[in-house]
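Notes follow the structure.
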Amino acid sequence: SFALNAEAFTNFKGAQLKKTHDVAFHLVRRTFHAKPQRMYFVGGSEGGREALIVAERWPADYHGLVSIFPAFDISVLGTAFVQAAQDVFGRPGAWVSPAKLSHLSAKVLDACDGLDGLKDGIVGNVTACRAAFDANSLRCGTDASADCLSDAQLAAVRSLASPRKIGVTLSGVDTLAPWPLLE
């Protein structure tokens with residue numbers, strides 16, 4: 001029913017981004033009696049998609065934009081979530097606990113931070129990381145401890161971390177991007 005309200009529908013199509021920018025700009029000027037020296041837009045997922053929208057429609061409003069994993073197509077994103085759920089919940093023993101995911105992330109960072117020439121807590125050279133980190137180094141065969149992955153968990157992690165054909169083309173996409181678990 002919101003689409004019957006012209007302003008609500010216009011906001012839904014992106015106008016809310018410009019309105020929010022303009023209000024923020026006004027509030028900063030009013031509060032600090034000066035315009036902002038720099039304005040940045042940073043967003044991930046839906047916010048990443050919104051960063052791309054403002055870059056396209058209002059590039060002069062920002063000094064910089066960061067778009068992290070922009071959610072650009074909801075049908076493809078939904079398909080990715082369904083396939084991820086099948087990988088993790090569709091196989092007995094494949095679910096990876098938060099403790100194990102944390103351990104996996106720490107091991108990836110240990111192996112890959114610095115491959116870009118800077119040890120800063122960020123994996124900056126993903127290609128080198130793919131060659132440097134072997135998920136099998138965490139294999140324990142069974143779900144014995146938080147420090148290792150069972151065969152079923154390794155299979156799920158490998159599947160999630162690989163691009164996959166989905167069998168159909170949705171908005172020009174026939175392959176899902178890998179989840180960044182091993183990089």
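In region 51-69, the residues that are free of Cβ contacts under 8 Å to residues at least 40 places away in the same chain and farther than 19 Å from Lys13 by Cβ form Cβ pairs under 8 Å with partners that are open to solvent by 60 Å² or more (accessible area, probe 1.4 Å) and among the charged types (D, E, K, R), at six or more places apart or across chains, as follows: His63/Arg38; Gly64/Arg38.
Checking each residue in region 114-144 for being closer than 30 Å to Gly93 by Cβ, at pLDDT 90 or above and of a type in the set (Asp, Glu) picks out only Asp134. Of the residues in region 84-106, at least one is surrounded by 15 or more Cβ atoms within 10 Å (Cβ to Cβ), at pLDDT below 90, outside any strand (DSSP E or B) and not β-branched (Val, Ile, Thr). The residue that is farthest from the chain's Cα centre (by Cα), counting only those in region 57-75 that are open to solvent by less than 70 Å² (accessible area, probe 1.4 Å) and under 30 Å from Gly167 (Cα atoms), is Ser75. Summed over region 159-179, the residues that are open to solvent by 50 Å² or more (accessible area, probe 1.4 Å) and touching a residue at least 24 places away in the same chain (Cβ under 8 Å) give a count of 3.
The selection criterion, being closer than 25 Å to Pro163 by Cβ, without any contact (Cβ under 8 Å) to a residue 12 or more places away in the chain, open to solvent by 60 Å² or more (accessible area, probe 1.4 Å) and under 15 Å from the mean Cα position of the chain (by Cα), holds for Phe81. Considering the conditions (1) part of a helix (DSSP H, G or I); (2) within 21 Å of the chain's Cα centre (by Cα), Gly124 is excluded by exactly one of them, (1).
The values are calculated or read from the model by the stated rules, or taken from the named source; none is laboratory data. Given the structure is predicted, the values throughout are model-derived calculations rather than measurements. Cβ: placed from backbone, ideal geometry, glycine included. Neighbour counts: every protein chain shown. SASA here: full protein model, heavy atoms, side chains in, ligands and nucleic acids out. Shrake-Rupley method; radii C 1.70, N 1.55, O 1.52, S 1.80 Å.
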